[in-house]
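The values are calculated or read from the model by the stated rules, or taken from the named source; none is laboratory data. Model, not experiment: these values are computed from the prediction. Virtual Cβ from ideal backbone geometry, glycine too; neighbours counted across all protein chains shown.
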Amino acid sequence: MGNDSRILVGLSTPEERQTAAETLEARGYDLAVVSSVELLMALREALPFDLMVVDSAMATRYRSHSGYRIPTLLVSDDAEGADPSQDLHVDDFIIRPLGAAELARRAAALIAGSQVRVEGELAGPAGMVVKPDSRELIIGHDSIQLRPREARVLSLLLGRRGEVVKVDTLLKDVWGPGPSSSRNVVEAQISRLRSKLRGTEAEGAIITVSGVGYLIR
């Protein structure tokens with residue numbers, strides 16, 4: 001099966017590296033598999049990738065590199081390892097043990113979601129403007145770079161400004177078709193967006209409608 005997508009895999013254990021390699025290669029992805037964060041960072045700088053699959057040990061060591069914009073799938077011991085408050089810069093996570101079917105599904109969904117495009121600029125409150133193609137958020141004189149899923153979530157909320165966008169809708173439109181990802185991944189994206197809006201005139205623009213979803217007025 002042909003596939004133009006390239007994935008960088010950085011996992012600490014040989015067993016997980018083998019599982020990831022066999023699973024993703026069987027689906028036609030172009031892979032680079034490494035066992036150290038030094039090689040991970042070197043390849044990240046040298047080549048373009050559509051997705052990165054890492055474990056907590058790798059993610060913790062590269063989290064200070066603020067320029068990272070590749071969609072990232074975290075392999076974690078538990079959901080706490082993917083807590084957005086840890087600022088590990090991940091888009092989705094898998095709880096160990098690493099299963100081939102779940103890895104394949106989540107990798108495909110992340111890649112598909114990052115390739116979705118929204119045409120044109122979108123305006124929001126307090127002079128907020130989002131440029132989906134460049135993933136740029138402009139508020140006044142400030143320009144903020146968004147990660148792929150952050151840009152997609154914010155674009156959907158702005159595209160339906162004044163309406164409540166359900167969590168299930170965000171999961172379907174941003175993470176792609178198939179079995180639903182955990183609702184926690186939506187909360188993680190919203191948390192990151194709110195963090196980036198903090199201290200700007202648009203702080204508080206994203207409103208939670210408990211048990212339903214989110215909206216921007």
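The requirement of being modelled with pLDDT of 90 or more, crowded, with 16+ Cβ neighbours inside 10 Å and over 30 Å from GLU25 (Cα atoms) is satisfied by LEU137.
Quick check on segment 83-91. Is at least one of its residues at pLDDT 75 or above and not in a loop (DSSP other than H, G, I, E, B)? No: zero hits. Scanning segment 42-56 for residues that are hydrophobic (A, V, I, L, M, F, W, C) and assigned to a strand (DSSP E or B) returns LEU51, MET52, VAL53, VAL54.
Checked against the criterion of being at pLDDT below 90, crowded, with 19+ Cβ neighbours inside 10 Å and in contact with a Pro (Cβ under 8 Å, 6 or more places away or on another chain), the candidates SER155, SER181 yield just one match: SER155.
Residue selection: ALA21 satisfies the criterion of being at pLDDT 95 or above and closer than 17 Å to ALA107 by Cβ. For GLY99, the criteria (1) at pLDDT below 80; (2) over 15 Å from the mean Cα position of the chain (by Cα) hold in every case but one, which is (1).
With respect to being touching a residue at least 12 places away in the same chain (Cβ under 8 Å), assigned by TED's automatic domain parsing to the domain that holds ILE95 and surrounded by 15 or more Cβ atoms within 10 Å (Cβ to Cβ), LEU24 fits the description.
On the given criteria, is GLY211 farther than 24 Å from PHE93 by Cα and either buried (at least 22 other Cβ atoms within 10 Å of the Cβ) or among the small types (Gly, Ala, Ser) (or both)? In short, no. When the residues of segment 63-82 are filtered to those that are more than 19 Å from ALA151 (Cα to Cα) and at pLDDT 75 or above, the one that is surrounded by the most Cβ atoms within 10 Å (Cβ to Cβ) is VAL75. One residue stands out in segment 106-121 among those that are at pLDDT 75 or above and under 15 Å from the mean Cα position of the chain (by Cα): the one that is surrounded by the fewest Cβ atoms within 10 Å (Cβ to Cβ), namely ALA112.
For beta carbons closer than 7 Å, sequence separation of 6+ or different chains, a first residue in segment 131-157 that is free of Cβ contacts under 8 Å to residues at least 40 places away in the same chain and a second that is among the polar types (S, T, N, Q) and surrounded by fewer than 21 Cβ atoms within 10 Å (Cβ to Cβ), the qualifying pairs are GLU136/SER143; GLU136/GLN145. The set of residues in segment 20-41 that are over 19 Å from ALA59 (Cα atoms) and either part of a loop (DSSP other than H, G, I, E, B) or not hydrophobic (A, V, I, L, M, F, W, C) (or both) comprises GLU22, THR23, GLU25, ARG27, GLY28, TYR29, ASP30.
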